[in-house]
Every structure is written in structure tokens, then in C-alpha cells.
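A.B. asks: Got a structure for you, written out below as C-alpha cells; questions coming shortly.
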Amino acid sequence: MSIEIPDRWLGKPVEGALERALKNPNPAPPIVTPSAPASILPANNMGLNRADYIILPSQTHGDYAYGDTLVSMQRSHLGENWSESWDSLKSDGAYMLNIRQFVDFLKLLRSGRAFDGDGNSIQLSRLNGLYEEITEVRDPWRSEWLDAKFSMQAVGKKWVGLVNKNAMHITYHTADPQGVLTEVTEPLEPYLASNKTPGINLDNWRMSATKHGLPAEDNPDGGLYYWQPVDGRVARFDADSGRAYLDCNEGPAYRVAELGVRPARAKI
Amino acid sequence: MSRIYKNSTQVADLHGVPLYMHDVVDACLAGRLNLFLQGDTGAGKTQLAKDAMGYFPDHSLFVLGRNDMDTRELFQQINLGKLHQKPAYNLEPIINPDSGKVEWHYPKFDERGIMAYQRLTDAQAQTVRKGLEAIAGSTDNIRELTSKVGANLIVVDELPNCVPAVRAQLFNLFDGFIEIAGRAYPIGKNLVATYQDGKRTVLPFGIDFGTVDSLRTEGATISSDIYSVGIATGNIGQQFTESANDLGRAIKDRMHVTVDVDHYFPSPSDTMSILAGNTNPRVEFGELSAETGHALRNRNTRITAQPVPFAKLVVANYLLHGLDYCNNGASKRKMKEAWPNNIQNNQRGSDEALVLPISPRAAKSIIRLSQSLDDIALERGATPDVIAQGALNSMMQAYKLVSTHSGVLNEAMVKNVYDGDRYAAMDALIATTLLQFAQKEGDIMSGIDMVRKGKREAKIMNSFTGRWEFMRDTLDALAKEGK
């Protein structure tokens, strides 16, 4: 069976396309916006599908502020430890949600009104489904890393002969409007500094988290297990058939197939 | 076509023409593609199939699948009952090395219980063979009987209820032949094998069924030289595409298109009209169709004779080869059961982990269905120019209809990410594929222009990397065609 060499591609004449391509030393790929409401990311992130992201509107918490952020509706990089997740995200031009952004994301899902990266309103059932996917106590085990590393450091100036006070610090990242990340380390603001198993109140945490996203000291009893920050450890959020929990005492080298990360990007 | 089945839910928008369930059935009939209508009880799938029978008032056959039906009863239904009575044929032909003649022997036990073959005289052999063949039906009898089976369309309601032996014969009937005692006999004059390269061979009458099976495994399509096609219905749930399921495998192997009618459920205004007009829950046979099966057969001839547009071949190659690419150069096909678990972590949220490449057989079905759908759109007023521009979209609509239930999707991902909705997963894949083609449009056009001008530019060839590497070979092949 012979194949006829066409003079058109999908109705467009191909004449001159070769010369144009050879003339252009470094052709940039065309910017194409997907027209369909939902799609899946093609491999190697060729073309970000904004419909798979939720716009987390800009927020200010004390002296911490972030701009509009695209938060993925799916976890990815499953099976990678905390550092590997960071490396993978950076190579994709993405970053990890810090605890404060994660709390705001939960709050957004619970609000019932949110928009995808293309600006289309997301159905309430979808938002509820995403919220339950993160927080509901059920199988299978779902787990995601958060951008928070804790360290015990001295605060104040060091004076000879005086014992400095140690305080728990948090290291996280801020993103400028172009998505350029800056690492920030600062002492934690007053937070619930004891484990509660069970548990803290999820609704209260969502509504009155600290600037760094941790539960407030007066968080009432509830069903969300909570492990307080520990020196040298990182944070993650989990839900399985037994419980849901905010764990600030996780080893950064830990990896398991169910543990992933939710990519976020500055909304440019 | 008489339309008792009422459904105004749009299945697709093709070249500005809305297409509905009836159009999908018409496209399958015109493309001679076996169609499986899957759906819940009472969803209307049987009515839809029976509506199609209106095209072939005297040349269609309706079989109600039952688990107590055997092949004898099936053959009786299609007036081939006599063929199934063939008894075990114990006579052994042995060539006499001295005379070179065929001698007939039969097994006989002596008084010690030892079996020995005893020769029949020529007269005895002739008498016995004549008697047996009179019961069984000789080759001539078979030819005479099968040539009288005039079914162009075979509708099997509740196919999953049939036992595997009956199901296998029904699938054969869809393709235009029957299998008796290990041999394949055509319904019509001849059985034809169409190979992957488009060549066609008329197979010997009564060809060994093992050979037919081997040809099919190698990718050849086996069909009768008369028009024959099948529509089957059934409610077999979500598990039928699992490879471990015999029924699922059989349906995937022999049905070209599978549509879940529940996904395209009639609109509220349709159901209102259905309920107000007639409360009879039984399926009704339609009036005789104004359009005849003859017109459909003509359409089939026209569609199969048309050259396939180059753009559709490229899209088919993308689905065959582009979607095979994973892990920066590995092949999903070669991974076999390791897919999708072996997909690199940073690609697990991508289409690499969601879908397998299609098979060459599926590629043919997709192209044929796309051509049929385009033909319907043309009939409804779409211009040839618009149809040419929409070749990618047409292929995507056909891809959705052919592949959604073909077992190419990662079921775990469909369940977890798309709430179990396979069509939603396919929509996401299609959106991504459209995006990929849009991004690659300039390179593809440069490549075609390069081949037209008889050149081979490294810069152009090197622009096809990753999942697009197949385009290098495609362009080389096109260049050879042009020489």
C-alpha cells in the first residue's frame, strides 16, 4: 500500500515550513493552552496542564506572605524521601507546600469554592473528594511530605558566661512571584509543643494555625493525631485506615511507596 | 433506520456535526467493525442493536444468549443443525507403501484385549464412508448449507450468558465463518485473510482452524468475502477488561469497538418521552428501514477503498509507538507486567503511567472507525476541507470508542485519580495528546516539507526525540515512498 506525501498537515500547507525551521536557530516551542477541561500531565512535563492544578490564592500570615500558587490535585514522586522529593520537584520547576500553605489548601478545599489553573470553577463534589483524599481515615494509606525541617537552635546573642536559650526553629521556603525560592529559618511562634495521640481538632487547626501552620497551643481535643516538631526531623501529613495525622517528627530519609508530594508552582 | 431507541445525549462533536449512539452503531456497521454494547439492564442496548437489524430485514439474525444453549442449538437456529451431528470418525487412512494407495483401517480388539487395525475392503470402506458422510454432511453439503446462511448482521443479546464454546462460534459468525471439527467454513463463498500490509489471500475452503488462529495471532484479519458483522450486548461489569478473565480476553480479541451505553445515558427529555409514549418494557422490533443494508454495504466498500489520510497514519503511529515510550527510552510493551509499577517515580502522575500503547489490530479499528465517522459527518454537511483539518480530532474520538474498554488503561490510576471513570481518563489522555500534537505541529510540518523536497536535515530529524522518535522512521519511510 503506497502512502501519498501530503502537501498539507491538518489542512495547513506545509510549503515553506522546512525553510522556516532551518532559518530559526533556536525555535521555541509554541505556547499552547489546552482547550479540554481536564488532562493528565504528559511525561517530562512537556506543557503544564493547568487544569490539574488548583489556584491557592495569595495569603498573608503575620510577616509571612505568599502569592497566588498553583497546587496540584494529585500527589506525585511516590516512593521518594524528603530530599529526593525536593530534587525531583526542583527539576520539574515545582516546589513543596510548607505547612502553612498546606493548611490554607485544606481550608480552600473545605470552602467549596475554588478554581483550577485555567480559571474554571471546580465542582463542589470534586473539592470534597480531594479533601477526603487527604484527610479521610480509610484505606489506602496516603501520605505527603511538607516543606518544614525542624532544628533546635540558640536564640539571642551569645554572651560570655551566659547560657543561651534554645528554641525550636523551622526551615521552609518562600517563593517570589516568579517562583524563585528562598530558604528561611526562624524560631517557631508559640505552638502546641506536645504530642496528642489522639488528637488535635482538625477544624480548629485549619482555622487557627500559627504563622508556620502548626496547631495553636490551645487546640482542643480531636481526632487528628499530632506529633510535635523534633530536632532534625521534617513534617508530613498522613491518613490511613487507622488515623489521620500531622507528623513533625519524621526522618527525612524515610521512603515508602505510598508517600509522595503535592507539587506547587507560582502562578505566573 | 427505524429509531425506537431514543437518546439525544451527544457522544462526540466531529467536524461541527454532533454524533449520537445511533451514529456510532452506523459507523461500526459501515466500517464492518464488531460492536459490543455494555451496560446495565434496561439501559436500551438491546433496543439499539435491534434497531440496527432494521437495515437488514431478511438478512439479520438475533440470538438470545443463554447458558444452556449448546452449539447444536445455535447451528439449528442458523439452519446448520445437520453440520453439528458429525460423529467421531474412527476410520484411519493409511498409505500402502507397496501400492501407494490409500487404505482404510479400523481399530479392533482381539480376545486378549489388544487393539489392532484391521483393513477394510474398498467396497466396505466406500459403504462406511458414504454412510458417515451422509449423516455428517460432506464438504459439498457444508458448502451448500453455509452459502445459504444469508445473515449480514448477527445480533447476540446477553453474550456473556453463552458458554465459551457457543461464544467462540458466535465470534466466528461475526467474522463470517463457522468452525466444524477443527475446520473453518465461510458463510458466503470464501474466507479471506487480510494481512498487516494490506495484502489479501483467499483461504482454502475448510481450512484448518489452527491455521486461522495462527494467522489471526500474527495480525491478519479473517473475514468472509460477503459483508458480515456482529453486535453483541451484555452487562459484565468493570472486571471484564481484566486480562485474567476469559470473557474479557475474548471480547477484547474479537470485538473491535466496546461502548458503555450507561456512560451515554439518554437525557431526561428522552426518558420523559420514552416513558410518556410507551410503558412497554419489552424490546420492540423496528419497522422496516428506509435505508437498506445494501446502502451500508456500499458505504463499507467506499470506506475501505479510500486511502487513509497521512495525518491519521501519524496519529496511529503515535498511539502505537509514542505511547510505548517510557522511562527515558524504555518500552512499556517490553516491560510487560512490570508496567506501571516500574515507571520512574517522577513520571507516575503522567500519561506514561496511565496508558499502554495500542495494538496494531486496535490501530486498524481506530482508523476504520474514524473513516466511518468522517463519512457520516460528510453526509451531514461537513466539507472535505473541514474533515481534513479535523483528522486528529476524528482519530481521538475513534480512539476513545475503541480503546476505553480494551485494557490499555492503568485500572488503579483510573480508580484513584478518575473515580473509576474510564471515559474521564480517556478524555484526559486525549486532551494531552491534542496538546502534544499542537506543540509538535511545526516540527511535523517541517518534516513533511523536508520529505517533499527530497532532503534529509539532521536538525529536523533531531527535533523528534522521546515519545516522538517514531517520526524519524516515519519520515524516512515516507521519503522512500516518494522516490
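A.B. asks: From the P(r) of region A:79-120, can you give the percent of Cα pairs sitting at distances over 14 Å?
C.D. replies: I get 64 percent for the Cα pairs in region A:79-120 exceeding 14 Å.
A.B. asks: May I pose another question? Report, for chain A, the % of DSSP beta bridges that are antiparallel, rounded to 5.
C.D. replies: 90
A.B. asks: Enumerate the calculated ³J(HN,Hα) couplings along region B:57-63 in order (Karplus 6.51 cos²θ - 1.76 cosθ + 1.60, θ = phi - 60°), each rounded to whole Hz, writing x wherever the residue is Gly or Pro.
C.D. replies: Rounded to whole hertz, the list is x, 10, 10, 10, 10, 10, 10.
A.B. asks: Give a residue-ordered list of calculated ³J(HN,Hα) values for region B:166-183 (Karplus: 6.51 cos²θ - 1.76 cosθ + 1.60, θ = phi - 60°; whole Hz; x for Gly, Pro).
C.D. replies: Calculated HN-Hα couplings, in order: 5, 4, 4, 5, 5, 4, 4, 4, 4, 8, x, 8, 10, 10, 10, 6, x, 10 Hz.
A.B. asks: If you don't mind, there's one more thing I want to ask. Taking amide hydrogens as modeled 1.01 Å from N in the peptide plane, which residues meet the under 5 Å criterion relative to A:ALA244, leaving out close sequence neighbours?
C.D. replies: Under 5 Å from the amide H of A:ALA244: A:TYR225.
A.B. asks: While we're here: What average count of beta carbons from other chains do you get within 10 Å of the Cβ of residues in B:421-428?
C.D. replies: Mean inter-chain Cβ contacts per residue within 10 Å come to 2.
A.B. asks: Using the membrane-span-like helix rule (whole DSSP H runs, Cα extent along the own axis of at least 15 Å, mean Kyte-Doolittle hydropathy at least 0.0), which helices of chain A qualify?
C.D. replies: Membrane-span-like by this criterion, though nothing is claimed about a membrane: A:99-111.
A.B. asks: I'd like the FRET efficiency for B:THR465 and B:ALA295, computed as 1/(1 + (r/R0)^6) with the beta carbon distance as r and R0 of 41 Å, rounded to 0.05.
C.D. replies: Between B:THR465 and B:ALA295 the formula returns 0.30.
A.B. asks: Could you sort out which of B:LYS364/B:LYS480; B:LYS364/B:LYS453; B:LYS334/B:LYS364; B:LYS364/B:LYS440 sit more than 26 Å apart by Cα distance in this structure?
C.D. replies: Those over the limit are B:LYS364/B:LYS453.
A.B. asks: Given q = 0.11, 0.18 Å⁻¹, what are the Debye log10 I(q)/I(0) values for region B:305-482, with equal point scatterers placed on the Cα positions and solvent ignored?
C.D. replies: Here log10 of I(q) over I(0) equals -0.50, -1.25.
A.B. asks: Above 22 angstrom, tally the Cα pairs of region A:46-266 and express them as a % of all pairs, no decimals.
C.D. replies: 50
A.B. asks: Hey, got the average number of other protein chain Cβ atoms within 10 angstrom for residues in B:447-460?
C.D. replies: 4
A.B. asks: For the residue pair A:VAL184 and A:VAL155, what label-to-label distance in nm results when each label sits 7 Å from Cα along the Cα-to-beta-carbon direction?
C.D. replies: Result: 1.6 nm between the two label points.
A.B. asks: Between B:LYS480 and B:LEU64, what FRET efficiency follows from the Cβ-Cβ distance if R0 is 41 Å, with the result rounded to 0.05?
C.D. replies: So the FRET efficiency works out to roughly 0.20.
A.B. asks: Between A:ASP218 and B:ASN341, what FRET efficiency follows from the Cβ-Cβ distance if R0 is 41 Å, with the result rounded to 0.05?
C.D. replies: Calculated transfer efficiency: 0.35.
A.B. asks: Related question: Determine the gain in length on full extension of the stretch B:ASN328-B:ASP13; use 0.36 nm per residue of separation and subtract their C-alpha separation, reporting nm with one decimal.
C.D. replies: 109.9 nm
A.B. asks: Please sort A:198-204, A:91-97 by packing, taking for each peptide the average over its residues of neighbouring beta carbons within 10 angstrom, highest first.
C.D. replies: Highest to lowest by the protection proxy: A:91-97, A:198-204.
A.B. asks: Fewest first, what order do B:GLU179, B:GLU469 take by the number of other Cβ atoms within 10 Å?
C.D. replies: B:GLU469, B:GLU179
A.B. asks: At 0.36 nm per residue, and after removing the present C-alpha to C-alpha distance, how many nm does the segment from A:SER58 to A:ASP87 gain when stretched out fully?
C.D. replies: 7.9 nm
A.B. asks: Follow-up. Over chain A, what relative contact order in percent results from Cα pairs under 8 Å that are six or more residues apart?
C.D. replies: 24
A.B. asks: Measuring from a point 7 Å past the Cα of B:ALA181 along Cα-to-C-beta, which residues in region B:46-72 have an amide N at less than 16 Å?
C.D. replies: Residues B:72 qualify, since their backbone N sits under 16 Å from the label point.
A.B. asks: Let me ask something else. Using the Karplus curve 6.51 cos²θ - 1.76 cosθ + 1.60 with θ = phi - 60°, what ³J(HN,Hα) values do you get for each residue of region A:71-80, in whole Hz, with x for Gly and Pro?
C.D. replies: Values per residue, Gly and Pro as x: 10, 5, 7, 10, 7, 9, 6, 5, x, 9 Hz.
A.B. asks: Using a 10 Å cut-off around each Cβ of peptide B:350-357, what is the average number of partner chain Cβ atoms that fall inside?
C.D. replies: Taking the mean over all residues of the peptide, I get 3.
A.B. asks: Quick one: order B:PHE205, A:PHE237, B:PHE109 by neighbouring beta-carbon count within 10 Å, fewest to most.
C.D. replies: In order of increasing Cβ crowding within 10 Å: B:PHE109, B:PHE205, A:PHE237.
A.B. asks: Sort A:TYR225, B:TYR55 so the one with the fewest other Cβ atoms within 10 Å of its own Cβ comes first.
C.D. replies: The fewest-first ordering by Cβ neighbours comes to A:TYR225, B:TYR55.
Computed from the coordinates by the stated procedures, all read-outs in this text should not be read as laboratory data. From a predicted model like this one, the values you see are computed outputs, not experimental measurements. Please note: Cβ atoms are built from the backbone with ideal geometry, for glycine as well, and neighbour counts cover all protein chains shown.
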